[in-house]
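Structure record follows, encoded as structure tokens.
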Amino acid sequence: MNEKYAVDPVAFNSALEFRYLLEKFGFDQGRFLAEYPKKWRKMLFDHIVTLPDVEQMRIKRVLECRADRSMLRMGLPYDSGRSWVENAVDKKAAGLFTEVFAGKGSGLLTLHDIDDEQLADSRGVRVVATAKNLLAVAEPLLQCSMEVFLIDPYITLGKPRYLEFFQALLASPHAKDTGFVFFARNEHFVCKESPEHIAQRELLPYMQMGSSARFVSLNDNRQMHGRYMFSIKGALKYDKGFQVDGHTLVDIEVVSKNIHDEYFTLYHDREHEFDIVGDFTVRK
């Protein structure tokens, strides 16, 4: 899961090829195209100037609609004195790319080799329930998101196994300037001590500058079942939620675009119709 693939920006000759490629990658596929180097898009635009104006416009439209879901910026070094292929092959040898695709005559796999058999199924993974493991799977989502939602009906700040994960999440480098919103079922969220006091004491010291953690407890009539982490980019399903104990196995799967869009509408656009019982925010 979260494998990164590299594609030569001069390997495309049509919008159809480009669309086919991008549809094979993204948050709903569990694998990504590396936007490598940083000037990858400029290299693409420089290449397609030889194509008819209509085809250039189509490629740019595909890029605008799909790139943010399919591509990841990796910030890897690039030697401008060498070819793209040479740079990318070196990165693959270093274990940074799963595979490299280029044009015909490069000696590498081409766009025509990109199919479901060539690309490993990356839509799910099983990990031991440690904070490090649960966060590692979510890294691309956290890297690309300024607002992240977590849904788990059993969330409570009164149990260390939840606090440990939340502390690691809020302390991660990608949490800087990010807003987190946690939704829980009120019957599980309430505890002897005020949840807001616990959050101030146990979570605030771990938070990155510019970040916030909002906790919303709902009276959902037991309609909350799944445990999800999502943003506007995509979604992940954690079958056992966000508890850590160091031994339980957790299945984590990508979520289809349709289900992602439904949950985003329910919780981001507040169309869930659940009664909000508690709602507070901790900010750094």
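Taking one equal scatterer on every alpha-carbon of the chain, how large is log10 of I(q)/I(0) by Debye at q = 0.09, 0.13, 0.16, 0.17 1/Å? Evaluating at q = 0.09, 0.13, 0.16, 0.17 Å⁻¹ gives log10 I(q)/I(0) of -0.49, -0.91, -1.20, -1.30. Counting only DSSP H runs of at least 4 residues, each contributing -39500 (n - 2.57), and dividing by the residue count of the chain, the helix-based mean residue ellipticity at 222 nm comes to -10000 deg cm²/dmol. Using 0.36 nm per residue and subtracting the Cα-Cα separation, the extra length available between Arg61 and Lys192 on full extension is 41.8 nm. The spacing between region 67-108 and region 164-236, judged by their C-alpha centroids, is 37 Å. Using θ = phi - 60° in the Karplus curve 6.51 cos²θ - 1.76 cosθ + 1.60, the 3J(HN,Hα) couplings for region 279-284 round to 7, 9, 9, 10, 10, 10 Hz; x is entered for Gly and Pro. Once the Cα-Cα distance is subtracted from the 0.36 nm per residue extended length, the Gln118 to Tyr78 segment shows a gain of 11.8 nm. Projecting label points 7 angstrom from Cα along Cα→Cβ for Ala171 and Tyr20 puts them 4.8 nm apart.
Normalising the Debye intensity of region 155-284 to I(0), with uniform scatterers on Cα atoms only, and taking log10 at q = 0.18 Å⁻¹ returns -1.13. To put it simply, the accessible area of the chain at a 1.4 Å probe is 49 percent carbon and sulfur.
Taking 19 Å as the straight-line reach from the Cα of Lys4, the lysines in range (excluding those fewer than 8 positions away in the same chain) are Lys24, Lys38, Lys39, Lys91, Lys92, Lys233.
Please check which bits of region 168-188 a label hung off Ile276 would reach, taking the label as a point 7 Å along Cα-to-C-beta and the cut-off as backbone N under 14 Å. Residues passing the 14 Å test: 181-184.
Peptides 249-255, 23-29 ranked from most to least packed by the mean count of surrounding Cβ atoms within 10 Å: 23-29, 249-255.
With a 10 Å cut-off between alpha carbons and a GNM built on the chain, which of Asp53, Asp152, Asp239 moves the most? Of the options given, Asp53 has the highest mean-square fluctuation. Within the shell of other residues whose beta carbon sits under 15 angstrom from the beta carbon of Tyr36, the net charge comes to +3, with Lys and Arg scored +1 and Asp and Glu -1.
Whole-Hz Karplus values for region 75-85 come out as x, 7, x, 9, 8, 5, x, 10, 6, 4, 4 Hz, taken residue by residue from phi with 6.51 cos²θ - 1.76 cosθ + 1.60 and θ = phi - 60°; glycine and proline positions read x. Pairs of Cα atoms in region 1-102 fall into 10 Å distance bins, from 0 up to the last occupied one, in shares of 15, 50, 30, 4 percent.
With a point put 7 Å past each Cα toward its Cβ, work out how far Lys38 is from Arg201 in nm, to one decimal. Computed distance between label sites Lys38 and Arg201 equals 4.5 nm.
The values are calculated or read from the model by the stated rules, or taken from the named source; none is laboratory data. What you see is a predicted model; the values in this text were computed from it and never measured. All Cβ positions, even for glycine, are placed from backbone atoms using ideal geometry, and neighbour counts span all protein chains on display. Just the protein is used for accessible areas: all its heavy atoms, side chains included, with ligands, DNA and RNA removed. Shrake-Rupley method; radii C 1.70, N 1.55, O 1.52, S 1.80 Å.
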